[in-house]
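Colleague: Please find one structure pasted underneath; my questions will follow.
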Amino acid sequence: MTEAVETPRPAWPPDWPCAHGGPLAAGDYRASPEDFVVEECLDFAPEGHGEHLWLWLEKRDLSTAELARRLARACEVTPRDIGYSGMKDRVAVTRQWLSVHLPGREAPEDLDVRLGDTPVRVLAHRRHPRKLKRGVHRRNRFFLRLGGPIVAHPELETRWQRLVEAGVPNYFGPQRFGVEGHNLSRACGILARGWRKRDDRQGLMLSTARSYLFNELLAARIRAGDWATPLAGDVVMLDGTQSQFVADLDAGTPDAGSPDGAPLTERAARLDLHPAGPLWGVGQNEARGEPADHERRLADDNAALCGALARSGVRLARRALRMRLVEPRLERRGEMLEIHFELPRGAFATAVLRELIAHPTL
């Protein structure tokens with residue numbers, strides 16, 4: 001008989017603390033999609049030949065999944081012939097590549113019209129030999145416009161500089177969990193019955209449950225004050241990559257791959273590397289010492305959920321506890337505030353906003 005998995009925390013939102021003192025003031029964002037602009041950043045360009053047509057698309061107030069479905073219908077192909085790297089926000093203006101398998105033929109000349117009433121623009125197109133795979137982009141570039149009391153707050157620049165210099169907790173954003181945590185409740189229901197691929201085709205429910213557990217661990221590390229500095233036995237991740245190793249501070253280990261042989265603590269202070277927490281699943285856990293104790297307590301406090309994830313067969317992975325803002329910029333524009341930054345793939349701009357503003361959806 002499959003063990004029942006209760007919703008981990010009925011009250012929503014959970015008590016996940018900020019790292020830099022909490023929001024400064026109330027603020028408004030996403031008053032319109034144009035206030036939240038996201039652009040996907042690849043490290044390469046399509047080669048200009050091949051069976052797959054890559055399209056650089058701009059969408060407004062539309063999910064990536066719906067855009068992919070519309071593109072498949074417009075080009076008269078199956079959904080599996082469409083490729084994209086990342087899921088982008090719906091209530092936003094976003095730009096990203098999608099690929100269509102079109103060997104020997106071009107996209108329809110009236111593609112913009114076929115994509116539907118919701119504004120979608122084809123900004124560029126180019127051939128490539130391969131389908132666009134999930135997770136191949138390195139970063140996302142954000143432009144956010146904020147309004148409300150936060151704009152005039154006297155400590156705004158000081159807080160912003162703190163985020164730039166010390167980094168931001170790499171929480172999964174509230175959109176991962178749905179309104180009032182509805183996705184988490186669904187995930188627990190599916191896992192209680194025993195996870196099956198047919199019930200969760202895209203793996204969103206598995207991801208939601210793992211995201212919750214990661215946020216719980218990150219919150220515990222923030223409360224303990226050790227979320228940004230590696231502890232002995234921590235799995236450490238190099239900034240902007242998935243490269244990782246175990247911190248052996250007791251042995252005086254210099255940074256692996258560091259050209260100047262700087263200690264781990266120095267490189268962490270420079271945001272070159274970050275402690276990493278688990279995305280729960282089956283597999284060898286390399287954390288030792290106090291970091292392993294943090295993770296054992298997480299497993300004990302969420303035994304049913306962790307057990308259900310283990311039974312699903314999803315593999316243990318790691319995610320940095322902290323993220324660095326790349327090319328950050330903050331400007332006041334009359335009664336509005338504009339902020340620009342880039343984040344690694346999989347990081348949430350809403351995790352940055354919650355360190356600045358109080359808003360019901362954050």
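Colleague: Which residues, counting only those in the range 328-352, are part of a strand (DSSP E or B), under 18 Å from the mean Cα position of the chain (by Cα) and of a type in the set (A, V, I, L, M, F, W, C)?
Modeller: Correct list: Phe341, Leu343.
Colleague: Within the range 30-50, is there a residue that is polar (S, T, N, Q) and within 25 Å of Leu356 (Cα to Cα)? Break it down into steps so the answer makes sense when it comes.
Modeller: To start, the set of residues in the range 30-50 that are polar (S, T, N, Q) comprises 32.
Filter once more, keeping what is within 25 Å of Leu356 (Cα to Cα): 32.
Yes; the residues of the range 30-50 include at least one that is polar (S, T, N, Q) and within 25 Å of Leu356 (Cα to Cα).
Colleague: Residues in the range 197-204: is at least one in the same structural domain as Arg267 (by TED's automatic domain parsing), in a loop (DSSP other than H, G, I, E, B), acidic (Asp, Glu) and farther than 15 Å from Leu362 by Cβ? Before you say what the answer is, go through the steps one by one.
Modeller: Filtering the range 197-204 down to residues in the same structural domain as Arg267 (by TED's automatic domain parsing) leaves 197-204.
Next, from what is left, pick out any that are in a loop (DSSP other than H, G, I, E, B): 200-203.
Subsequent filtering for residues that are acidic (Asp, Glu) retains 200.
After this cut, where a residue has to be farther than 15 Å from Leu362 by Cβ as well, the list is 200.
Taking every residue of the range 197-204 in turn, at least one turns out to be in the same structural domain as Arg267 (by TED's automatic domain parsing), in a loop (DSSP other than H, G, I, E, B), acidic (Asp, Glu) and farther than 15 Å from Leu362 by Cβ.
Colleague: Under the condition of being in a helix (DSSP H, G or I) and in contact with a helix residue (DSSP H, G or I) (Cβ under 6 Å, 6 or more places away or on another chain), which residue from the range 187-196 is surrounded by the fewest Cβ atoms within 10 Å (Cβ to Cβ)?
Modeller: Filtering the range 187-196 down to residues in a helix (DSSP H, G or I) leaves 187-193.
Next, from what is left, pick out any that are in contact with a helix residue (DSSP H, G or I) (Cβ under 6 Å, 6 or more places away or on another chain): 187, 190-191.
Details: Ala187: 30, Ile190: 21, Leu191: 26.
Selected residue: Ile190.
Colleague: I'd like to know if the range 160-173 contains one or more residues that are free of Cβ contacts under 8 Å to residues at least 40 places away in the same chain, crowded, with 17+ Cβ neighbours inside 10 Å, more than 24 Å from Ala310 (Cα to Cα) and not small (Gly, Ala, Ser).
Modeller: No, because not a single residue in the range 160-173 is free of Cβ contacts under 8 Å to residues at least 40 places away in the same chain, crowded, with 17+ Cβ neighbours inside 10 Å, more than 24 Å from Ala310 (Cα to Cα) and not small (Gly, Ala, Ser).
Colleague: Pull up the range 258-309, narrow it to residues that are assigned to a loop (DSSP other than H, G, I, E, B) and surrounded by fewer than 13 Cβ atoms within 10 Å (Cβ to Cβ), then point me to the one that is modelled with the lowest pLDDT.
Modeller: Going through the range 258-309, the residues assigned to a loop (DSSP other than H, G, I, E, B) turn out to be 258-262, 270-272, 280-281, 283-288, 302.
Remaining after also requiring surrounded by fewer than 13 Cβ atoms within 10 Å (Cβ to Cβ): 259-261, 270, 283-284.
Details: Pro259: 44, Asp260: 50, Gly261: 60, Arg270: 96, Gly283: 93, Gln284: 90.
By that ranking, first place goes to Pro259.
Colleague: Just checking, does the range 45-60 include any residue being within 30 Å of Ile339 (Cβ to Cβ), part of a helix (DSSP H, G or I) and acidic (Asp, Glu)?
Modeller: No, the range 45-60 contains no residue that is within 30 Å of Ile339 (Cβ to Cβ), part of a helix (DSSP H, G or I) and acidic (Asp, Glu).
Colleague: A further question follows. Inspect all residues belonging to the range 188-204 and state whether any of them is under 30 Å from Arg270 (Cβ atoms) and either among the charged types (D, E, K, R) or in contact (Cβ under 8 Å) with a residue 40 or more places away in the chain (or both). Write out each step before concluding.
Modeller: Looking only at the range 188-204, we keep the residues that are under 30 Å from Arg270 (Cβ atoms), and these are none.
Looking for residues that are under 30 Å from Arg270 (Cβ atoms) and either among the charged types (D, E, K, R) or in contact (Cβ under 8 Å) with a residue 40 or more places away in the chain (or both), one finds none in the range 188-204, hence no.
Colleague: Right, something else. Applying the selection to the range 120-145, what residues are aliphatic (A, V, I, L, M) and surrounded by 20 or more Cβ atoms within 10 Å (Cβ to Cβ)?
Modeller: As a first pass, look at the range 120-145 and keep what is aliphatic (A, V, I, L, M): 120, 122-124, 132, 136, 144.
Of everything in the range 120-145, those that are aliphatic (A, V, I, L, M) and surrounded by 20 or more Cβ atoms within 10 Å (Cβ to Cβ) turn out to be Val120, Leu132, Leu144.
Colleague: Additional query: Test Ala107 against the stated conditions and say whether it is within 29 Å of Ser207 (Cα to Cα), in the same structural domain as Leu57 (by TED's automatic domain parsing) and not β-branched (Val, Ile, Thr).
Modeller: Values: within 29 Å of Ser207 (Cα to Cα): no; in the same structural domain as Leu57 (by TED's automatic domain parsing): yes; not β-branched (Val, Ile, Thr): yes.
No; evaluated as a whole, the condition is false for this residue.
Colleague: Would you mind telling me which numbered condition in (1) touching a strand residue (DSSP E or B) at 6+ places or on another chain (Cβ under 7 Å); (2) surrounded by 16 or more Cβ atoms within 10 Å (Cβ to Cβ); (3) under 24 Å from Met87 (Cβ atoms) Gly148 fails?
Modeller: (3)
Colleague: Further, regarding this structure: Under 7 Å between Cβ atoms, at least 6 apart or on separate chains: pull out the pairs that start in the range 61-88 with a residue that is farther than 24 Å from Phe142 by Cα and end on any residue that is basic (Lys, Arg) and surrounded by 15 or more Cβ atoms within 10 Å (Cβ to Cβ).
Modeller: Short answer, once both residue conditions are applied: Ala74/Arg114.
Colleague: Return yes or no: is Gly83 of a type outside the set (Asp, Glu) and on the phi > 0 side of the Ramachandran plot?
Modeller: Working: of a type outside the set (Asp, Glu): yes; on the phi > 0 side of the Ramachandran plot: no.
Judged against the criteria, Gly83 is not a match.
Colleague: Is the range 310-327 home to any residue that is assigned to a strand (DSSP E or B), touching a helix residue (DSSP H, G or I) at 6+ places or on another chain (Cβ under 9 Å) and of a type outside the set (A, V, I, L, M, F, W, C)? Lay out the reasoning, then the answer.
Modeller: Initially, the range 310-327 is screened for residues assigned to a strand (DSSP E or B), giving 315, 317-320, 322-323, 326-327.
Okay, now just the ones that are also touching a helix residue (DSSP H, G or I) at 6+ places or on another chain (Cβ under 9 Å), so 317, 319, 322-323.
When the remaining residues are screened for being of a type outside the set (A, V, I, L, M, F, W, C), the result is 319, 322.
Yes.
Colleague: Shifting gears a bit: If we only count strands (runs of 3 or more DSSP E) wholly inside the range 64-175, which ones have 3 or more residues that are within 20 Å of Pro328 (Cα to Cα) and of a type outside the set (Ser, Thr, Tyr)? Give the derivation first.
Modeller: Values: elements: 82-84, 93-101, 120-128, 139-146.
Where strands (runs of 3 or more DSSP E) fall fully within the range 64-175 and carry at least 3 residues being within 20 Å of Pro328 (Cα to Cα) and of a type outside the set (Ser, Thr, Tyr), they are 139-146.
Colleague: Residues of the range 97-121 being farther than 19 Å from Pro79 by Cα and modelled with pLDDT of 90 or more, which ones?
Modeller: Answer for the range 97-121, where residues must be farther than 19 Å from Pro79 by Cα and modelled with pLDDT of 90 or more: just Arg121.
Colleague: If Gly86 satisfies all but one of (1) crowded, with 17+ Cβ neighbours inside 10 Å; (2) of a type in the set (Gly, Ala, Ser); (3) farther than 27 Å from Glu327 by Cα, what's the number of the condition it fails?
Modeller: (3)
Colleague: Okay, next question. Give the residues of the range 143-159 that are closer than 12 Å to Gly21 by Cα and within 25 Å of the chain's Cα centre (by Cα), sorted by residue number.
Modeller: Matches in the range 143-159: Arg159 only.
Colleague: From the list Arg130, Arg134, Arg145, exactly one residue is among the basic types (Lys, Arg) and in contact with an Asp or Glu (Cβ under 6 Å, 6 or more places away or on another chain). Which is it? Full working, then the answer.
Modeller: Numbers: Arg130 fails: in contact with an Asp or Glu (Cβ under 6 Å, 6 or more places away or on another chain); Arg134 fails: in contact with an Asp or Glu (Cβ under 6 Å, 6 or more places away or on another chain).
Matching residue, one of Arg130, Arg134, Arg145: Arg145.
Colleague: Any residue in the range 221-230 that is over 15 Å from the mean Cα position of the chain (by Cα), among the aromatic types (Phe, Trp, Tyr) and surrounded by 22 or more Cβ atoms within 10 Å (Cβ to Cβ)? Talk me through it step by step, then tell me what you get.
Modeller: Taking the range 221-230 and keeping what is over 15 Å from the mean Cα position of the chain (by Cα), we get 221-230.
Then keep just the ones that are among the aromatic types (Phe, Trp, Tyr); that gives 227.
Checking the rest, the ones that are also surrounded by 22 or more Cβ atoms within 10 Å (Cβ to Cβ) come to 227.
Within the range 221-230, one or more residues are over 15 Å from the mean Cα position of the chain (by Cα), among the aromatic types (Phe, Trp, Tyr) and surrounded by 22 or more Cβ atoms within 10 Å (Cβ to Cβ).
The values are calculated or read from the model by the stated rules, or taken from the named source; none is laboratory data. The structure presented is a predicted model; accordingly, all values stated were derived computationally and were not measured. Using ideal geometry, Cβ is built from the backbone for each residue, glycine included, and neighbour counts are taken over all protein chains shown.
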